[in-house]
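Contents: one structure, followed by commentary.
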Amino acid sequence: MTALKAPARLRVAVIGAGYWGPNLARNFISSCDWDLVAICDLDGPRAEALADRVGANVAAYSDVASLLERRDVDAVAIATPARTHHTLVIAALRAGKHVLVEKPLADSREHGAEMVRAAAERGLTLMADHTYCYTPAVLKIRELIAEGALGDILFIDSVRINLGLVQPDVNVFWDLAPHDLSIIDFVLPDGLRPDAVSAQGADPLRAGKACIGYLTIPLRNDAIAHVHVNWLSPTKIRQMVIGGTLRTLVWDDLNPQQRLSVYDRGVDLTQQAVDGADAAASMVSYRLGDTWSPALPEREALGAMAAEFAESIRDGRAPRTDGEAGLRVLSVLEAASRSLEGHGLLATVEGAADTAVRAHTARAAVVR
């Protein structure tokens, strides 16, 4: 019997050796799909320190242009501030490299759209580092929704709060909400494509930016999503509740013993021929069933994401969290910013696939 030939390993460089870069480097160096060949950071000693820590054959660079000149680099992973993503991604694509870029995809939808176009024109992979989408819990949520276990989605309620670092360059929406938005985009069969959103924020610290935020997203068929983000909470909560016509799912990311719980409980509406005041009450019945917790494998999300990046390049297909997914998240974030400026009025989402305005949206003032 002839042994199957193992797929060729791809060669990758990490740009950015600050907070997130070391995590990417660690997963690439341990991957069976990748050879980590270089680390690049404007701080040369920091790049050298990380290169020395992860592998003897990893080169260190302080100049991106020099790195991109290397012909033996197939792809780069960019872990730098969002304001630098556009310049770095365009340069990497022009150098013929596939690109993985940290969330958010860019600092504006305009920049993100240009990056997506540039990748498509060159036939290269552009992947958004939406890490949470590769956790076993979120992959299971996506599977349950796809197979109809929850029924039609009625609502999504997400809370991401903690006593966190007030960021110098972005508000709490741009810092924390990309996680929740990328997850919602990933698990919904049609992705996150709202016509408009509403955002309210507060700055009780006088930091010059919203430190507490509430984002409301109308979904199809009168469903609704709500995202609460907060830098000022003394307790840390990472929870999402997804309610459907059949079942409701609760994801508690901080509970390793039971991250997912599925409740066979809910409200049923049954149309009956009843007139007058009793009509509404007669339509409502409550369902109280079992609760179960799906078994989840234990594996690091970044490792799964690195594997998906390699497989998408080899197969010539879009990765699960491609540039378009990153662009959908950017579109919602920009609309949220416009709504925030308009004190919570609905703001249209640029590039939404469904341009028809829902009845309840049409009755409200829209910030453009």
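The values are calculated or read from the model by the stated rules, or taken from the named source; none is laboratory data. In this text the structure is predicted, and so the values were computed from the model without any measurement. Cβ sites come from the backbone with ideal geometry, for glycine too, and all protein chains shown count toward neighbours.
A Cβ distance below 9 Å, combined with a sequence gap of six or more or placement on separate chains, defines the contacts here; from the range 147-176, residues that are assigned to a strand (DSSP E or B) and surrounded by 15 or more Cβ atoms within 10 Å (Cβ to Cβ) reach residues that are of a type in the set (Ser, Thr, Tyr) and modelled with pLDDT under 95 in the pairs ILE153/THR245; LEU154/THR245. Tell me, please, whether a residue that is touching a residue at least 40 places away in the same chain (Cβ under 8 Å), touching a His at 6+ places or on another chain (Cβ under 9 Å), part of a helix (DSSP H, G or I) and within 27 Å of GLU298 (Cβ to Cβ) can be found in the range 120-137. The answer is yes; a qualifying residue exists.
From the list ASP180, ASP185, ASP190, ASP129, the lone residue that is under 20 Å from GLY326 (Cβ atoms) and at pLDDT below 95 is ASP190. Could you look through the range 289-312, keep only residues that are over 21 Å from the mean Cα position of the chain (by Cα) and of a type in the set (Ser, Thr, Tyr), and pick out the one that is farthest from GLY266 (Cα to Cα)? Selected residue: SER293. Filtering the range 280-303 to residues that are of a type outside the set (Asp, Glu), surrounded by fewer than 18 Cβ atoms within 10 Å (Cβ to Cβ) and in contact with a helix residue (DSSP H, G or I) (Cβ under 8 Å, 6 or more places away or on another chain) leaves PRO294, LEU296, PRO297, ARG299, GLY303.
Okay, residues lined up against (1) within 17 Å of the chain's Cα centre (by Cα); (2) assigned by TED's automatic domain parsing to the domain that holds ASP180:
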| site | (1), (2) |
| --- | --- |
| SER66 | no, no |
| ILE78 | yes, no |
| GLY112 | yes, no |
| VAL116 | yes, no |
| MET127 | yes, no |
| LEU150 | no, yes |
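Among residues of the range 202-220 being at pLDDT 95 or above and hydrophobic (A, V, I, L, M, F, W, C), the one that is surrounded by the fewest Cβ atoms within 10 Å (Cβ to Cβ) is ALA202. Among residues that are under 24 Å from THR235 (Cβ atoms) and among the acidic types (Asp, Glu), ASP180 is included. Only a single criterion out of (1) touching a residue at least 60 places away in the same chain (Cβ under 8 Å); (2) within 18 Å of THR321 (Cα to Cα); (3) outside the structural domain of LYS97 (by TED's automatic domain parsing) is not satisfied by GLU143, namely (1). Looking only at residues of the range 16-38 that are among the hydrophobic types (A, V, I, L, M, F, W, C) and over 20 Å from PRO81 (Cα atoms), we find that the one that is surrounded by the most Cβ atoms within 10 Å (Cβ to Cβ) is PHE28. Filtering the range 247-254 for residues that are surrounded by fewer than 16 Cβ atoms within 10 Å (Cβ to Cβ), under 30 Å from ARG299 (Cβ atoms) and touching a Lys or Arg at 6+ places or on another chain (Cβ under 8 Å) leaves a non-empty set.
Of the helices (runs of 4 or more DSSP H) entirely within the range 22-97, those holding at least 2 residues that are of a type in the set (D, E, K, R), free of Cβ contacts under 8 Å to residues at least 60 places away in the same chain and touching a strand residue (DSSP E or B) at 6+ places or on another chain (Cβ under 9 Å) occupy 44-54.
Criterion first (more than 23 Å from the chain's Cα centre (by Cα) and at pLDDT 90 or above) does HIS343 satisfy it? So HIS343 passes the test.
Among the residues in the range 331-340, are any at pLDDT 95 or above, under 11 Å from ASP185 (Cβ atoms) and in contact with a helix residue (DSSP H, G or I) (Cβ under 6 Å, 6 or more places away or on another chain)? Within the range 331-340, one or more residues are at pLDDT 95 or above, under 11 Å from ASP185 (Cβ atoms) and in contact with a helix residue (DSSP H, G or I) (Cβ under 6 Å, 6 or more places away or on another chain).
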